[in-house]
Structures are given as structure tokens and as C-alpha cells.
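My structure is below; once you've seen it, I'll send some questions.
The values are calculated or read from the model by the stated rules, or taken from the named source; none is laboratory data. These figures come from a predicted structure and were not determined experimentally. Cβ placement follows ideal geometry from the backbone for every residue including glycine, while neighbour counts extend to all protein chains displayed.
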Amino acid sequence: MAKKIVAGNWKMNKTYEEALALVSEVVNMVKDEVTGDVRVILFPPALYVSTLRSYVKDAPAISLGVQNIYQKASGAYTGEISAPMVKSLGIQYVLVGHSERREYFDETNEVLAEKVNIALENGLTPVFCCGESLQQRQNEDYKGFVKNQLTESLFHLGPEEIQKVVIAYEPIWAIGTGLTASAEQAQEMHKALRDHLSEKYGSPIASGISILYGGSVGAGNAAELFAGPDVDGGLVGGASLKSRDFTEIIKAR
Ligand code: PEP
């Protein structure tokens, strides 16, 4: 069985004081209200993760991650952060291939394969994001497009390694737009991705890989979206910046 996960991507939001307040609220609400075995992952700006470690240390359900790493281990890459640096802080998770990174920073499937590799080499868990644009959904073989993102960035991995990856399906047209995939659309794509994984790695491995849905998940629609049998949780942007909404989403999982 795939792990249930709800992750919050804070993107480039929150000052230091605001970040401390938000993490404190989330920690308290999760401790008081969340039961069950859901893993909560917070992706704050990387600048804050070191400090935030002490805030989450008494909340075993909550882990931290970074929103990006560079594909090299060290060197003259001004402004970047590396997988060994993240590992050295004891941080477990890294987002790889968020659509904003693909769009604004020209991250290709090939570069993302390198990021997945260096994450795994350093014992980090990549949360690999994939998803189609609105135009692709309307005009093209959108399932084929998203499956190809997995093929080109993940399918070089062996059976041991692929099991260490989390996948987040995030239709670009639903990110930050208020538009959400319907529960049927989410389940359809999640099943297509799991079948694709199964064809390559076999069904027992595919069924153990967590596939999260992302795209305008909120307190009001989370339960319906998470009801799909292949939807193992969510990657949440905007609503993860509000502790009450984010906690309700976690409870819906
Ligand atoms: C995201 O950035 O991963 C995301 C899903 O954003 P939002 O929930 O705001 O659509």
C-alpha cells in the first residue's frame, strides 16, 4: 500500500516571522487534531528549513523538504543548493520538476532525471512533479504527455530506486488558478500513471508508490479529490499558507 501524504508547497512566500508563526500553528493543529498514519511534508523556502527543524521535531507526523536542488553535488554554481547540503541538515524530501521550475527555469526532463539521481544518491526522497498544460489537455494526447515525463525522468531507475520516489500529478491549468481537476479527472490520470509504472516495474511496486494530486486543493474539495483509489494524497500550494485550511486538508486524507 502506498503511503498517505499531504504536502504543503509554500513557494516564495512568507517572511521569517510569518514562517515561524505558520509552522507553529500547523505543528499544534496537527498534534491536536490529526490521527492516523498520514505523513505531512512542509516545503518552506530553503532559507528557513534549518530553523524550522526544531519546530517540527516533536511532531513525528511532520517532515520538512526543500523546493529544489541543483543537479551537481558542489562547485561554482552561485545561488544554488545541493543534495549533500540538504542531507547534511537531516532534511528528507525535495520537490523535483514543479511546473514553475519547468516553465520559469527551463528545467527539462533530462535535467530532472539528473536531479532525481543526485537526490537518491544522497538518500533524499524526490517528490517528482508532472502534469499537462491546458492546451495539451485540449489538443493532444495529454495522458501520453504526462506518462512521457515519467519515462524520461524516472524510468532509468531500477526497481529498488523507483520505490523511493513520490509522484505528484499537477495539471498546470489547475495550479494557483482556482480551477481543479474533477475527482474523476484526477483518478483517471493517477490510474494511467500507476498502470504506466506497473508496465515497467510490475504491479506490486507500482501499487506501493505514492501518487499525490496537486492543483487548487482546498479544505472544501480535498475529501472528494482524495477519494479516488489511486489518489494517495495531495501537494498543496496556496491553501498550505493557511494553517486552518491546510489542517482540514490533512484531516480529509
Ligand atoms: C502547487 O504549487 O504545487 C500547487 C498545487 O499550488 P495550488 O494548490 O495553489 O494550486
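Here is a list: A174, A223. Which entry is modelled with pLDDT under 95 and of a type outside the set (S, T, N, Q)?
Every option except A174 fails the conditions.
Is it the case, given these coordinates, that F128 is at pLDDT 95 or above and under 24 Å from S63 (Cα atoms)?
In short, yes.
I need every pair where a residue in region 100-115 that is within 13 Å of the ligand (Cβ to nearest atom) has its Cβ under 7 Å from the Cβ of a residue that is part of a loop (DSSP other than H, G, I, E, B), sequence separation at least 6 or different chains.
R101/N68; R101/E107
Take S99 and decide whether it is of a type in the set (G, A, S) and either under 16 Å from the mean Cα position of the chain (by Cα) or within 30 Å of E132 (Cα to Cα) (or both).
Spelling it out, S99 is indeed of a type in the set (G, A, S) and either under 16 Å from the mean Cα position of the chain (by Cα) or within 30 Å of E132 (Cα to Cα) (or both).
Of the residues that make up region 123-135, is at least one loosely packed, with under 15 Cβ neighbours inside 10 Å, closer than 21 Å to S210 by Cβ and more than 15 Å from the ligand (Cβ to nearest atom)? Explain how you work it out, then say what you get.
Narrowing region 123-135 to residues loosely packed, with under 15 Cβ neighbours inside 10 Å: 123, 134-135.
Filter once more, keeping what is closer than 21 Å to S210 by Cβ: 123.
Okay, now just the ones that are also more than 15 Å from the ligand (Cβ to nearest atom), so 123.
Yes, region 123-135 contains at least one residue that is loosely packed, with under 15 Cβ neighbours inside 10 Å, closer than 21 Å to S210 by Cβ and more than 15 Å from the ligand (Cβ to nearest atom).
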